[in-house]
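Down below is the structure, laid out as structure tokens.
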Amino acid sequence: MPRIFRPNAYFEEELRLGKLFPRELEARNSVLESSFSVLNSFPDSAKVLAHSPPEENWIKYWKEKGIQIPKPILLRNIKQSLQKEKEIQLEEWGKVSRWNSNNNELEIDTILADSAKKFGSKLNQNDWNQESNPDLISYSIRNSKDWEIFLQKEKDRFSPDQKFVFKTEFGFAGAQKFRDVSGLKDLAYLFLKVKREPFLIENWVDRTKDFSLLFSAKKGEYKIEEGTILLNDHKGKYSGTWMGEFSEIQNYLSEMSESFSQVSKFHPNYEGYGSVDSFFYRSKETQVLRKISEVNFRWTMGCLLFELRNRFPKKGNDLLLFLPKVQNSDPYSRLKIWEKETGWEIFPLSSFFSPYRRPNQKNLIWVRLPAGKTRDPWEEAKIVSESSIRALGP
């Protein structure tokens, strides 16, 4: 029975739309397809299902590093590749589909999709978790009645300088919208009447540091795997993940044991990787930890980095960092120079160009940094980011 891994980074969109493979997100998904090609370059690993073949120069770069990137199964060839298979072992970024051997196609698995919708819903999670931070305004808005209840209960607490965050029930990290009090009704109208999408509304807080607890679950047993630092801006827009030696990660994990035990009770039947996203924020001149901001019952970038560290063990610190579009015609040669200049190990987890030589809008790099640095991860990530602009610029 062949093992197939489907890196469906658009998992939440598949849940929202009720269909697989949203075409407008294929290019965005290519970052994960290539990343898992690196991760699954070892013998007996799962074959990666991809929309398009990886760029040849990217494959060549990894070959020079001693890593042979396996050919993926292309989505357009899936029937031909798996036509004789009655059963496959399907693994996914987010569990939502199954293999139908009668027509040799992947299709929505209603049981998996219903479970993912139930436990992955930001609204359901909020209903379960709303007691954890009583000083935060947080409401699940499913209809106009919920909206009126919110306005009725909270209007006396409104102030002119107050801001709110709107989050769709299923959506990408960093896609939330922000409004002050004067703009609340217009945005609520857009969601409820025009888009007809339920949403979560929370008061905006001054986030200072973001963390994530990585876990695995099997047969009802939940296990903490690692803690990471999420590199987000103050609005929660994600740009990378740090994993390695840092005392604040251990301090964070030590505060999470009770909350983590509640996660296993919330979804006792989940199996696979996942994460609990948390953040510190300023409240009355003190730092408060929101222990559960969101639970991801799927793979995450932190889980990817955790597995990369396991597959390529080396003492030190690891950083995943998203870079903007690179215009340079030969960034792979620039990477080699950049490594020599810095002493870091630098790996492009995604290719800089599509197979048709168009620059990709986003690029993911993996940087291995020496252990024992005195700088903190936020400062280190900033240094790497600024260094990348100089190294890979025109």
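The values are calculated or read from the model by the stated rules, or taken from the named source; none is laboratory data. Since the model is a prediction, treat every value here as computed from it, not as a measurement. Glycine also receives a Cβ, built like all others from the backbone with ideal geometry; neighbour counts cover every protein chain displayed. Protein only, heavy atoms only, side chains kept; ligands, DNA and RNA dropped before computing areas. Shrake-Rupley method; radii C 1.70, N 1.55, O 1.52, S 1.80 Å.
Tabulated data for the structure shown
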item: Selected residue [surrounded by 13 or more Cβ atoms within 10 Å (Cβ to Cβ), touching a Ser or Thr at 6+ places or on another chain (Cβ under 9 Å) and either outside any helix (DSSP H, G or I) or not β-branched (Val, Ile, Thr) (or both)] from 140, 115; result: 140
item: Matching residues, segment 188-224, being open to solvent by 50 Å² or more (accessible area, probe 1.4 Å) and farther than 17 Å from residue 176 by Cβ; result: 189, 193, 194, 196, 209, 218, 219, 221, 223, 224
item: Criterion (at pLDDT below 95, open to solvent by less than 60 Å² (accessible area, probe 1.4 Å), touching a strand residue (DSSP E or B) at 6+ places or on another chain (Cβ under 9 Å) and not in a loop (DSSP other than H, G, I, E, B)) met by exactly one of 288, 276; result: 288
item: Looking only at segment 235-245, and only at residues there that are open to solvent by 60 Å² or more (accessible area, probe 1.4 Å) and over 19 Å from residue 310 (Cα atoms), the one that is modelled with the highest pLDDT; result: 237
item: Exclusive hit being without any contact (Cβ under 8 Å) to a residue 12 or more places away in the chain, closer than 19 Å to residue 47 by Cβ and among the polar types (S, T, N, Q), set 81, 101; result: 81
item: Options 359, 370, 355: the member that is under 24 Å from residue 33 (Cα atoms) and open to solvent by 50 Å² or more (accessible area, probe 1.4 Å); result: 355
item: Test: residue in segment 11-18 that is over 30 Å from residue 339 (Cβ atoms), open to solvent by 40 Å² or more (accessible area, probe 1.4 Å), among the charged types (D, E, K, R) and not in a loop (DSSP other than H, G, I, E, B); result: yes
item: Flag if residue 232 is surrounded by 17 or more Cβ atoms within 10 Å (Cβ to Cβ) and on the phi < 0 side of the Ramachandran plot; result: yes
